[in-house]
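As structure tokens, the structure follows; a few thoughts come after it.
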Amino acid sequence: MMKPTDHGKTIQAMFSGIAGRYDLVNRLMTLGRDAAWRRSVVIAAGLPPGGRLLDIGTGTGAIATEALGRDPAATAVGADFTIDMMRAGKSGDLGRRILWCAADAVGLPFADNTFDAVTSGYLIRNVTDPLAAFGEQVRVVRPGGRVVCLDTSPPPKNLIYPCLTFFLSRVIPFLGERISGDRDAYTYLPESTRKFMSPETLARVMARAGMIQIRYQGFMFGTMCVHQGTKPK
Ligand SMILES: C[S@@+](CC[C@H](N)C(=O)[O-])C[C@H]1O[C@@H](n2cnc3c(N)ncnc32)[C@H](O)[C@@H]1O
């Protein structure tokens, strides 16, 4: 695996620290909606029967697990640079079927055109170079295959903006500290969300990385978004 940058090491240490409680905090923070968004990711990936999926920034493998649950004949590679996150996801039945792989999103250890689809959940907000990460995803997906990205979006400035910012800046750090014991990690989450690209800008980055037919759909009052793009044939 490539050597992570200093930013990468900070991210790895943060996810190692919360790995054991990651899924539980996610479930509570999203009021149980996270499973539905991951389902949308797998549907958007449009895997053919028995297809090959790469889920990069897989963490505990939730997206790869969803894909295997929908099609037991599929092959799912779950790749991440935080080993403790993958270790936490390994135990379930489907977790044992994921092909776990230590990899950095900006230097994937796979040949060109290897996968039918590439997915990521909450990865792009954490990488220093989203264009390079998408470039790698486009490289390893086959022509005509999809790249799908689930991530948070800065809260839209509408009537409920004050409620959303209260939830992000107060409720999430509080819940995170109570359940995982790590307030910093769950302060980073809303901060990185606030500073992250808008869905429109993220779509433009995907286009610059070489994707076509880019679409996106917002969830949770616009604070969550699933983008999809296709590698040209
Ligand atoms: C918020 S977790 C998301 C996990 C999972 N995808 C999900 O939907 O719950 C982000 C994951 O991205 C991984 N990650 C962040 N930067 C990465 C990079 N440059 N290369 C590989 N994995 C990375 C972290 O280690 C972490 O497991």
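The mean sequence distance of close C-alpha pairs (under 8 Å, at least 6 residues apart), as a share of the length of the chain, puts its relative contact order at 20 percent. The mean sequence distance of close C-alpha pairs (under 8 Å, at least 6 residues apart), as a share of the length of region 67-169, puts its relative contact order at 22 percent. How would region 1-153 be classified by its alpha-carbon gyration tensor: rounded, prolate or oblate, with rounded meaning a/c under 1.5 and the a/b versus b/c comparison settling the rest? Because its axes are fairly even, with a/c under 1.5, region 1-153 counts as rounded.
Here the sum of -39500 (n - 2.57) over DSSP H runs of 4 or more residues, divided by the residues of the chain, equals -12500 deg cm²/dmol at 222 nm, to the nearest 500. Available extension along the chain between residue 71 and residue 7 is 19.4 nm, counting 0.36 nm per residue and deducting the alpha carbon span. Between the amide H of residue 224 and those of 153, 219, distances stay under 5 Å, these residues lying 5 or more places away or on another chain, with hydrogens modeled in the peptide plane. Projecting label points 7 angstrom from Cα along Cα→Cβ for residue 174 and residue 36 puts them 2.4 nm apart.
Rounded to the nearest 20, the size of the Cβ-charge dipole of region 159-233 about its Cα centre is 380 debye, with Lys and Arg at +1 and Asp and Glu at -1. With a ≥ b ≥ c the root eigenvalues of the C-alpha gyration tensor of region 141-197, is it rounded (a/c under 1.5), prolate (a/b larger than b/c) or oblate? Oblate shape, in that a/c is at least 1.5 and b/c is the bigger or equal ratio. For region 1-146, DSSP calls about 5 percent of its internal beta bridges antiparallel. Cross-link partners of residue 231 among aspartates and glutamates, defined as those whose alpha carbon lies under 18 angstrom from its own and excluding same-chain residues fewer than eight positions apart: 55, 112, 116, 136.
No value in this document is a laboratory result; all are computed from the given coordinates. All values reported here derive from a predicted model rather than from experimental measurement. Reconstructed Cβ throughout: ideal geometry from the backbone, glycine too, with neighbour counts over all protein chains shown.
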